[in-house]
Amino acid sequence: MEIGRRLDSFVYTLESFQQARSLLNEDGYIVITFAANEWIEERLGRMLEATFEPGKVYFRRWAGGTTFVASDNLSGLGKLSELSRWEP
């Protein structure tokens, strides 16, 4: 009997982020909001940084979770001041 598979391990993968990035318009971005503890936040941030590149991933913590924003062209994001650059 299997107990408790984590869905996020199958949905939030490096391959899924790479595929999502390939579908973005030139000024598109990915937003992920997740009820994350520290290790999930670290995992998602590292995968987004591997998909884009350092300096192209931002985040904001809120009560109970984290929101990530990643893009090759961050000039279209007018409220970056509300986000922090993600660093592992």
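The values are calculated or read from the model by the stated rules, or taken from the named source; none is laboratory data. All values reported here derive from a predicted model rather than from experimental measurement. Counting neighbours? That spans all protein chains shown, and the Cβs are built from the backbone with ideal geometry, glycine included. The area values use the complete protein model at the heavy-atom level, side chains included, leaving out ligands, DNA and RNA. Shrake-Rupley method; radii C 1.70, N 1.55, O 1.52, S 1.80 Å.
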Could you look through segment 69-88, keep only residues that are at pLDDT 85 or above and open to solvent by 80 Å² or more (accessible area, probe 1.4 Å), and pick out the one that is farthest from GLY55 (Cα to Cα)? GLU87
Got a number for residues in segment 8-30 being within 14 Å of ASP72 (Cβ to Cβ) and outside any helix (DSSP H, G or I)? 8
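When you go through GLU49, GLU41 one by one, which is the residue that is more than 18 Å from LEU74 (Cβ to Cβ) and free of Cβ contacts under 8 Å to residues at least 40 places away in the same chain?
Values: GLU49 fails: more than 18 Å from LEU74 (Cβ to Cβ).
One residue alone meets the criteria, GLU41.
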Going through segment 49-68 in order, the residues found to be in a loop (DSSP other than H, G, I, E, B), open to solvent by 30 Å² or more (accessible area, probe 1.4 Å) and closer than 14 Å to PRO88 by Cα are GLU53, PRO54, LYS56
Kindly provide the set of residues from segment 34-51 that are at pLDDT 90 or above and in contact with a helix residue (DSSP H, G or I) (Cβ under 7 Å, 6 or more places away or on another chain), ordered by number. MET47, LEU48, ALA50, THR51
